[in-house]
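Structure, as structure tokens:
Quick note: the coordinates plus some simple rules give every number you see, no bench work behind them. In this text, all values refer to a predicted model and were calculated from it rather than measured experimentally. We place every Cβ from the backbone using ideal geometry, glycine too, and count neighbours over all the protein chains shown.
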Amino acid sequence: MGGRDRLRDHRGKRDFERTREPEGGGTAPGREPRFVVQIHDASTTHFDFRLQVGGVLKSWSVPKGPSAEPKDKRLAVPTEDHPLEYEEFEGVIPHGEYGGGTVLVWDHGTCEPLGHDRRGRPVDFAESLRRGHATFRLNGSKLRGPYALTRFRGGEEAWLLVRTAEGRSGGRGAPGPRRARSARTGRTLAQVVAAAGDGT
Ligand code: MN
């Protein structure tokens, strides 16, 4: 199944005449899988956690954002797949549109799958996610280290995002959204809004 079909939900929810969000289908996948954590200040303010799997960004809404502390279990609720170009999206989605509000790229980088089977062979990352448990190392500018996503409820699906080990370079967990700065541009949410008002 190609990236375009898997993005049908993403496209169906959005009017690309009205929002500057990427429609998808442009970029070829890079060598190393990517991740991005976006702060999304919409009807609720939450973090969107996205991991590259094949040609799309698998996505979860994480109300409190990822933590750098192994004791913190963070609820992660699946949302629709996003195009790879969405990693770069920072800006304002018009009021009244799907997800209307402000998006800031809080962190991004590479995501290295870690899972092995009993014989020590790497397991397929997409397959691990389908089975409901995947481990990976995040190499971002803030998030660094091993993490796991584990499904704990089917039906109205819910997952937990947890850092799996202490480490010297533990990285930084999610801050208060108002103080957070973009890993791409150094801007705060308020500065992204102000720039959109200027038409920049
Ligand atoms: Mn969101």
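A few comments on the model shown:
- Considering only HIS116, HIS82, HIS133, the Gaussian network model of the chain with Cα springs below 10 Å gives its largest mean-square fluctuation to HIS116.
- Put simply, the C-alpha atoms of the chain give a gyration tensor, and the ellipsoid matching it has half-axes of 27, 20, 15 Å, longest first.
- Test item: Cα-centred dipole of the chain, Lys/Arg +1 and Asp/Glu -1 on Cβ, debye: 840 debye
- Per-residue Cβ neighbour counts within 10 Å put GLU127, GLU87 in the sequence GLU127, GLU87, beginning with the fewest.
- Taking every DSSP helix (H) stretch of at least 4 residues in the chain, weighting each as -39,500 (n - 2.57) and dividing the sum by the residue count yields a mean residue ellipticity at 222 nm of -3000 deg cm²/dmol.
- Under-5 Å amide H pairs with GLY115, H placed in peptide plane, nonlocal only: VAL123, THR135
- Förster radius 22 Å - calculated FRET efficiency between VAL77 and GLU112, Cβ distance, rounded to 0.05: 0.35
- Residues LEU7, LEU129, LEU114 in ascending order of nearby Cβ atoms (within 10 Å, fewest first): LEU114, LEU129, LEU7.
- Residues GLU69 and ARG179, FRET efficiency given R0 of 22 Å [Cβ-Cβ distance, rounded to 0.05]: 0.75
- Taking the number of Cβ atoms within 10 Å of each Cβ as an exposure proxy, the fewest-first ranking of PHE16, PHE89 is PHE16, PHE89.
- Based on Cα contacts under 8 Å between residues 6+ apart, the chain shows a relative contact order of 21 percent.
- Once the chain from ASP15 to ALA194 is taken as fully extended at 0.36 nm per residue, the excess over their C-alpha distance is 62.2 nm.
- Eligible lysines near LYS71 by straight Cα distance, threshold 28 Å, same-chain separation 8 or greater: LYS58, LYS142
- When the Cα positions of LEU129, VAL162, ALA174 are compared along the charge dipole of segment 100-195, ALA174 comes out farthest toward the positive end, with charges on each C-beta of Lys, Arg, Asp and Glu.
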